[in-house]
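The values are calculated or read from the model by the stated rules, or taken from the named source; none is laboratory data. Nothing here was measured: the structure is a model prediction, and the numbers come from that model. Here the Cβ is made from the backbone with ideal geometry for all residues, glycine too, and neighbour counts use every protein chain on show.
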């Protein structure tokens, strides 16, 4: 029997399109390790004067299984929706939920305070708040003559 | 086999594969894709939010119960309106922008906001008066006991 993976194909297309369109905003996503993810959470990314707020839909995911990192302006959200042991039984009449790993990456502007990032999960929504850092004062560099 | 034949076969396989995949996806997901109607009073809605959301659900049948799980992140338990009519489970809900979220501008908006309704056919009649609903981690869980007449009855020998 052939293994059909239409969801991951759709995810690929989604990721691909997102990448194309998000470039408009200067928020290019990093290439995603397609083959290792099972699903992609939907996100909103908002910017106001003091911070970036990222909201990601991760219903049914244990907050312990979510890993958020911000390194060199690259925000990575990854984790896993584990299947409860019960659901292994086959008396499903309908099954649309996808289990397994998810992964998303975004590049944020450099002016964020990486140490002050905060993340919490409420009602299946992961909320990540990344404060902007104080604008670095421009340093003028003297050009030495020959 | 000529190169052309091989190419034709490969092409046909690819098309078949895509068609199968699409069919599979369609069968699995067509019901979970749900339209969200934006709230009329949300003129302050800062983004052109997505009006289609995926509310993936699951239905499991045991001897005495029907169990339904539906992913609906970002709601609160009072935002749901659930009823059963003629073996159809209607789940209505409304998801709003948090009031303090209207300032600033959005770079990406993929999450859907607004009112939605999802109808899930049930495999048998249930006793809706005895139904229980919980909402945890963005997943709505309903336990609907089957109608008494459909539950297996134990007969005690007197």
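Observations on the structure shown:
- Residue A:102 at the interface with another protein chain (Cβ under 9 Å from one of its Cβ atoms), modelled with pLDDT of 85 or more and part of a strand (DSSP E or B): no
- Residues in segment B:115-130 that are within 17 Å of residue B:56 (Cα to Cα) and buried (at least 16 other Cβ atoms within 10 Å of the Cβ): B:115, B:116, B:118, B:120, B:122.
- Residue check for residue A:4: more than 12 Å from chain B (Cβ to nearest Cβ) and either under 12 Å from the mean Cα position of the chain (by Cα) or modelled with pLDDT under 65 (or both): no
- Conditions (1) within 8 Å of chain B (Cβ to nearest Cβ); (2) surrounded by 21 or more Cβ atoms within 10 Å (Cβ to Cβ); (3) in a loop (DSSP other than H, G, I, E, B); number of the one not met by residue A:41: (1)
- Assessment of segment B:34-44 against the conditions (within 9 Å of another protein chain (Cβ to nearest Cβ) and modelled with pLDDT under 90) yields no matching residue.
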